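Here, each number is a calculation from the coordinates, and none is a lab measurement. No experiment lies behind these values; they were computed from the predicted model shown. Virtual Cβ from ideal backbone geometry, glycine too; neighbours counted across all protein chains shown.
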């Protein structure tokens, strides 16, 4: 099976598992009838989308023998976390992410004539619950597939930047059911939401791809994804302005990382890597 075919089959499987799981959650809510509103406030209901976020990893496991014939899941993860962590890189990207987040909050506070503090909840219970909840959701559930498998396979034929953009678009549109399940935007607001969402997630994908290229440890994309989601648990304002300004600032962040990537990487290493196996 060619690398292109492997990538396509994996993406289709990951989309199928996730979209079906979201549809089943929606069906469950409908079947609850008059009790649906109460059910949606329970911890169990919140846990179901968290389980759905693991479908990219489920797709990887289901297809593993086709994607990596002759290898094992244990070998995959041993290879994925084998590289020594670059602590300086992690600290730097974390600081930049927090700067983009708090910068977006500051811009919104200024434009809406609100206090900076009124848009944040940094109480200890919120931080603890946000940390624990974010730990079991998308960052840990998705990155084994998107960056553990898909990114390296795309980099065999594409540059790091192009592969990151492709993964970002795949990753972004994979979330499409949530745009309608979790938000009530309509008309132009919905269009704006989709555009800024895709920009924000694609720019984040570029940052993840570049950082992962400079430290081949799967913890790096997991951590960057985790920090993006964790920061959002502290925000108490409207979603659309926040996502809009995050998209703008992440364009600048991604541009900075692209410049840094080409400055740090020799030209001979910026071309697609040759095929490799676990």
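Springs join every pair of Cα atoms under 10 Å in this Gaussian network model of the chain, and among 216, 66, 88 the largest mean-square fluctuation is at 88.
Each part reduced to its alpha carbon centroid, the range 15-59 and the range 217-256 end up 24 Å apart. Taken along the Cα-to-beta-carbon direction at a fixed 7 Å, the label points for residue 37 and residue 173 span 3.7 nm. Calculated [222 nm] ellipticity per residue, helices only, for the chain: -23500 deg cm²/dmol; basis is -39500 (n - 2.57) per DSSP H run with n ≥ 4, divided by all residues, nearest 500. Tell me, what is the percent relative contact order of the chain, built from C-alpha pairs under 8 Å that lie six or more residues apart? RCO, the chain: 28 percent. Residues considered: 205, 75, 247. Largest GNM mean-square fluctuation over the chain, using C-alpha springs under 10 Å, is found at 75.
Tell me whether the range 57-106 comes out rounded, prolate or oblate; compute the Cα gyration tensor, take square roots of the eigenvalues as a ≥ b ≥ c, and use a/c under 1.5 as the rounded threshold. Oblate is the answer for the range 57-106, as a/c is 1.5 or above yet b/c matches or exceeds a/b.
Exposure proxy ranking for 110, 18, based on other Cβ atoms within 10 angstrom of each Cβ and starting from the fewest, stands as 110, 18. Which residue fluctuates most in the GNM of the chain (Cα springs below 10 Å): 178, 98, 188? Highest fluctuation of the listed residues: 188.
Taking 0.36 nm per residue of separation and subtracting the Cα-Cα distance, full extension of the segment from residue 126 to residue 114 would add 2.2 nm.
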